[in-house]
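Take a look at the structure set out below.
No lab work stands behind these numbers, since they all come straight from the coordinates. Owing to the predicted nature of the structure, the values given are computational and were not obtained by experimental measurement. Neighbour counts are summed over all protein chains in view; Cβ atoms, including those assigned to glycine, are modelled from backbone coordinates with ideal geometry.
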Amino acid sequence: MSEVRYDEAASGTRPGFPYRWACRRSANCCAIPGGVVRVTADEIARIAALLRIGEAAFRPRYLQPDGERLKDGFGNRCVFLQEGALAGCAIYPERPAKCRQWPFWPEVLVDPTLLRLVERTCPGIEPLPGAGATTNDRGDAIS
């Protein structure tokens, strides 16, 4: 698999989100229980090309039977998660849109439960000053 690289430009803030983010390479985002990463036909083609395998070989090895979601790897983690002192993504240059958007998913803004999960999961999230309440480890709102 390819060398792991990270895009510093992906860090920062986005309008409306109550936090700033900088990747700490914990890979917690790649191991959220029940997490689902849907992929498009274009993403499948790009990932297969990066791995230097045909799409016909890629599909049964890396996709769920529905052909739209990545399979889980060891321990329900992403199948492309590389373990080590600094965890990494084996397909980082061609990772799916859902992965590129972490932790700035639009649904986080409308789902308080998901917001708490994201805040607890990612050590790279830091609440913005004056952004309102954050949560403790139990998910209770605190000031």
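In this rough spin-label picture, where each label sits 7 Å from Cα along the Cβ direction, the T113-N28 distance is 2.0 nm.
Volume of the convex hull of the range 8-142 (Cα atoms only), normalised per residue: 127 Å³.
Packing around the peptides 56-66, 108-118, taken as the average count of other Cβ atoms within 10 Å per residue, puts them in this order, highest first: 108-118, 56-66. With Cα atoms defining each centre, the range 19-68 and the range 69-134 are spaced 13 Å apart in the structure. Taking label positions 7 Å along the Cα-Cβ direction at both D42 and R100, the computed distance is 0.8 nm, reported to one decimal.
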